[in-house]
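Notes follow the structure.
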Amino acid sequence: QVRLVESGGGLVQAGGSLRLSCAASGVIFVIGDMGWYRQAPGKQRELVALISSDRTTQYADSAKGRFTISGDAGKRTVHLQMNSLKPEDTAVYYCNVVVNTRPSWGQGTQVTVSS
C-alpha cells in the first residue's frame with residue numbers, strides 16, 4: 001500500500017511564499033510522474049504543476065513564473081515552491097504521484113492567501 005503525505009500549507013498574505021512538500025511511503029518499486037493539483041471551493045480540481053520521470057516540467061498558465069516544482073524519485077518526494085501568492089491561489093493542494101504505474105493521491109493541504 002502506498003501513502004502520500006503533504007505538508008507546508010497554511011495562511012499567508014498576498015505576495016508571500018509557501019513551500020509544499022509531499023512524501024511517498026509504502027511498497028514502492030518505481031515512481032513516475034509527480035504533480036500538484038488544487039481544488040478551490042465550487043471548482044474542479046486542476047493541474048498546477050507536473051514533473052515527469054524524465055524531469056521535464058509543465059505548469060498551468062496561472063503558475064508560470066511564480067511556482068516551481070521539484071521532485072526526487074530516489075527520496076520519494078515532490079515539492080512545490082510558491083512565490084508571489086495571490087488570493088486566487090487559495091485552494092486545497094493535492095500531490096499526485098504515479099507509483100508502481102498507478103496514480104496515488106495525498107489527502108490535501110489547505111493554502112489560504114489573504115488580500
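The values are calculated or read from the model by the stated rules, or taken from the named source; none is laboratory data. What you see is a predicted model, and the numbers here were worked out from it, not measured in a lab. We place every Cβ from the backbone using ideal geometry, glycine too, and count neighbours over all the protein chains shown. Ligands, DNA and RNA are stripped out before the accessible areas are found, and what is left, the full protein with its side chains, is counted by its heavy atoms. Shrake-Rupley method; radii C 1.70, N 1.55, O 1.52, S 1.80 Å.
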Pairs needed: first member in region 97-109, open to solvent by less than 40 Å² (accessible area, probe 1.4 Å); second member anywhere, among the aromatic types (Phe, Trp, Tyr); C-beta distance under 7 Å; at least 6 residues apart or different chains.
GLY106/TYR94; GLY108/TYR93; GLY108/TYR94; THR109/TYR93
Pick out, from region 1-44, the strands (runs of 3 or more DSSP E) lying fully within it that include 3 or more residues that are of a type in the set (A, V, I, L, M, F, W, C) and touching a residue at least 12 places away in the same chain (Cβ under 8 Å).
2-7, 18-26, 31-39
In region 60-81, what residues are crowded, with 18+ Cβ neighbours inside 10 Å, among the aliphatic types (A, V, I, L, M) and either free of Cβ contacts under 8 Å to residues at least 40 places away in the same chain or out of contact with any strand residue (DSSP E or B) (no Cβ under 9 Å at 6 or more places or on another chain) (or both)?
ALA63, ILE69
Between SER84, SER53, which is over 30 Å from GLN1 (Cβ atoms), among the hydroxyl-bearing types (Ser, Thr, Tyr), open to solvent by 50 Å² or more (accessible area, probe 1.4 Å) and not in a strand (DSSP E or B)?
SER84
Filter region 56-81 down to the residues that are part of a loop (DSSP other than H, G, I, E, B) and touching a Ser or Thr at 6+ places or on another chain (Cβ under 9 Å), then identify the one that is farthest from ALA23 (Cα to Cα).
GLY65
